[in-house]
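K.L.:
I am attaching a structure below and will ask some questions about it afterwards.
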């Protein structure tokens, strides 16, 4: 009898994976129903929403932890913040007159400022995550491997810019990036016949710092969806077993 019950469970699990993995028309209620036949109790909407919020928080905590390390931005090609594109001609011109080392020093301190700011980013992101609705959670569950991160980007970027910009600005000043940038632009603007530039460094650094954090969150979300061992709770394991990207 035990062997028969086990066989039924395995068959049911195979059916679940087939439904989730290959049927885009499968509703979240149907998914929960099939899952319930295996686990003995279907997941509630609240449980699904909680697991997805937990996954985002896990991604944020891990992402900000990686970004805030020494070299977290500067040594990571995925999120390294380059010289401002609007002022790229400044870097090119200064390098041509032997000031390349000063340009490099600025880029390093720019990324250092972002790394310092990342230490304070997690609570801001966590606060934004709490606004996720149950409807949002269902759509995320059936979405792409970075659906939760894309939701966070759409729902919170404006709010994060407002809250995170002062943090970035403070830390750019702390590591002297603002002063170095002012010195570079000042030297460039003194060159005869050049058009003066003065891009907003705080806005630029904030946008790129947040973009980098989102990239790291997306990596962790993808890991959670595809790697069972990355799911830090039983609830998260149950919910992401339903996701199309689950393996």
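K.L.:
Residues that are without any contact (Cβ under 8 Å) to a residue 60 or more places away in the chain, buried (at least 16 other Cβ atoms within 10 Å of the Cβ) and within 24 Å of the chain's Cα centre (by Cα): find the helices (runs of 4 or more DSSP H) completely inside the stretch 83-196 holding 3 or more of those.
P.N.:
Answer list for the stretch 83-196: 100-118, 147-174.
K.L.:
Hey, does the stretch 63-77 have a residue that's assigned to a loop (DSSP other than H, G, I, E, B) and at pLDDT below 90?
P.N.:
no
K.L.:
Assess whether residue 201 counts as being within 27 Å of residue 157 (Cα to Cα) and modelled with pLDDT of 90 or more.
P.N.:
For residue 201, the condition - within 27 Å of residue 157 (Cα to Cα) and modelled with pLDDT of 90 or more - is not met.
The values are calculated or read from the model by the stated rules, or taken from the named source; none is laboratory data. Computed from a predicted model, the values in this text were never measured in an experiment. A quick note on method: Cβ atoms are made from the backbone with ideal geometry, for glycine too, and the neighbour counts reach across all protein chains shown.
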